[in-house]
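S.K.: Once you've had a glance at the structure underneath, I'll fire off some questions.
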Amino acid sequence: MKHTISVLVENQAGVLARIAGLFARRGFNIDSLAVGVTDDERVSRITIVADGDDYTLEQIEKQLNKLIDVIKVKTLQSDSVVSRELVLIKVGCTSKQRAEIMSIVEIANGKISDISQNTMTIELSDSKENLRNYEELLRPYGIKEIVRTGTIALQKGDATVKV
């Protein structure tokens, strides 16, 4: 089962390496990792998506809480979270295919980030599942290159993960 874990850490050099090292030493697999500064520049938020059962999740939380630079650890429940990924997809296209691709991008609320004579680079932000669907719609045009960020997530409603 996939778990989304939000970790607030002190914004200092080496913190991410210590967290990644913890996962490596314990044999926990990271499916997705995203790091960014919060509204307080002294604090960063690390969003980790990891696979495992409830026992594994409990161990991950315990081990993270032992790290000195970790301020707060919160597992976000999948039914009460807004999560997004960003993907850039470069597809091959002819001048005749551009309108078709642009209509897919419009439906996906995406944007064309770059265009050349033979390619288009598309920027999409959505849930992992929706991005997978859009990728399949674009596959027939020939995906030349694809890159995606890790998942970022916030709890729905009034709940927050703050210092």
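S.K.: For the stretch 33-156, report the accessible area per residue in Å² (1.4 Å probe, heavy atoms, rounded to an integer).
M.R.: Working: 7440 Å² over 124 residues.
Spelled out: the 1.4 Å probe surface of the stretch 33-156, per residue, equals 60 Å².
S.K.: In the chain, if the dipole is taken from +1 on Lys/Arg beta carbons and -1 on Asp/Glu beta carbons about the Cα centre, which of G52, A99, T160 is farthest to the positive end?
M.R.: G52
S.K.: Taking the alpha-carbon distance from K72 and a cut-off under 30 Å, which lysines remain once sequence neighbours fewer than 8 residues away in the same chain are dropped?
M.R.: K2, K62, K128, K156, K162
S.K.: Out of G14, S125, G150, whose Cα points farthest toward the positive end of the dipole of the chain (charges: +1 Lys, Arg; -1 Asp, Glu; placed on Cβ)?
M.R.: G14
S.K.: If you stretched the chain out fully between V81 and D69, how much longer would it get, using 0.36 nm times the residue separation minus the C-alpha to C-alpha distance? Provide the component values of the computation, followed by the final result.
M.R.: Details: separation 12, 0.36 × 12 = 4.32 nm, distance 2.50 nm.
Gain on extension, V81 to D69, equals 1.8 nm.
S.K.: Okay, next question. Can you tell me the orientation of helix 54-66 relative to the chain, as the angle in degrees between its alpha-carbon axis and the longest Cα principal axis, to the nearest 10?
M.R.: Computed tilt is about 70 degrees.
S.K.: Please report the relative contact order for the stretch 1-110, taking Cα pairs under 8 Å with a sequence separation of at least 6, and give it as a percent rounded to a whole number. Present the calculation step by step, with values, prior to reporting the outcome.
M.R.: Details: 129 pairs, mean separation 37.5, N = 110.
Relative contact order of the stretch 1-110: 34 percent.
S.K.: Could you tell me which of rounded, prolate or oblate describes the stretch 56-138, using a ≥ b ≥ c as the square roots of the eigenvalues of the alpha-carbon gyration tensor, with rounded for a/c under 1.5 and, failing that, prolate when a/b is larger than b/c and oblate otherwise?
M.R.: Working: a/c = 4.03, a/b = 2.87, b/c = 1.40.
Since a/c reaches 1.5 and a/b is larger than b/c, the shape of the stretch 56-138 is classed as prolate.
S.K.: Working from Cα positions, state the angle (0 to 90°, nearest 10) between the long axis of helix 128-138 and the longest principal axis of the chain.
M.R.: It works out to around 20 degrees.
S.K.: Amide H of I71 versus every other amide H placed in the peptide plane: which residues, excluding those fewer than 5 positions away on the same chain, fall under 5 Å?
M.R.: Amide H to amide H, under 5 Å and 5 or more residues apart or across chains, I71 pairs with L8, V9, E10.
S.K.: What does the charge dipole of the stretch 6-108 about its Cα centre add up to, to the nearest 20 debye, if the Cβ of each Lys and Arg holds +1 and the Cβ of each Asp and Glu holds -1?
M.R.: Numbers: 13 positive and 15 negative charges, 73 e Å.
Charge dipole of the stretch 6-108: 360 debye, to the nearest 20.
S.K.: Let me ask you something else. By a straight-distance test (C-alpha under 16 Å), which aspartates and glutamates pair with K111 as possible cross-link partners, with residues fewer than eight away in the same chain excluded?
M.R.: K111 reaches E85, E100, E123, D126, E135.
S.K.: Separation between the T160 and R26 pseudo-spin-labels, each 7 Å from Cα along Cα→Cβ, expressed in nm?
M.R.: It works out to 2.7 nm between the two label points.
S.K.: Now for a separate question. Hey, what do the phi angles of the stretch 140-148 turn into as Karplus ³J(HN,Hα) couplings, whole Hz, using 6.51/-1.76/1.60 and θ = phi - 60°, x for Gly and Pro?
M.R.: Running phi through 6.51 cos²θ - 1.76 cosθ + 1.60 with θ = phi - 60° gives x, 7, x, 6, 7, 7, 8, 9, 9 Hz.
S.K.: Taking all protein chains as present, what is the carbon and sulfur share of the accessible area of the stretch 1-146, in % to the nearest whole number, probe 1.4 Å?
M.R.: Working: 4080 of 8530 Å².
Answer for the stretch 1-146 is 48 percent, counting heavy atoms of protein chains only.
The values are calculated or read from the model by the stated rules, or taken from the named source; none is laboratory data. Computed from a prediction, not measured in an experiment: that's the story for all the values here. So basically every Cβ, Gly included, is an ideal-geometry build from the backbone, and we count neighbours across all protein chains shown. What goes into the accessible areas is simple: the full protein's heavy atoms, side chains included, and nothing from ligands, DNA or RNA. Shrake-Rupley method; radii C 1.70, N 1.55, O 1.52, S 1.80 Å.
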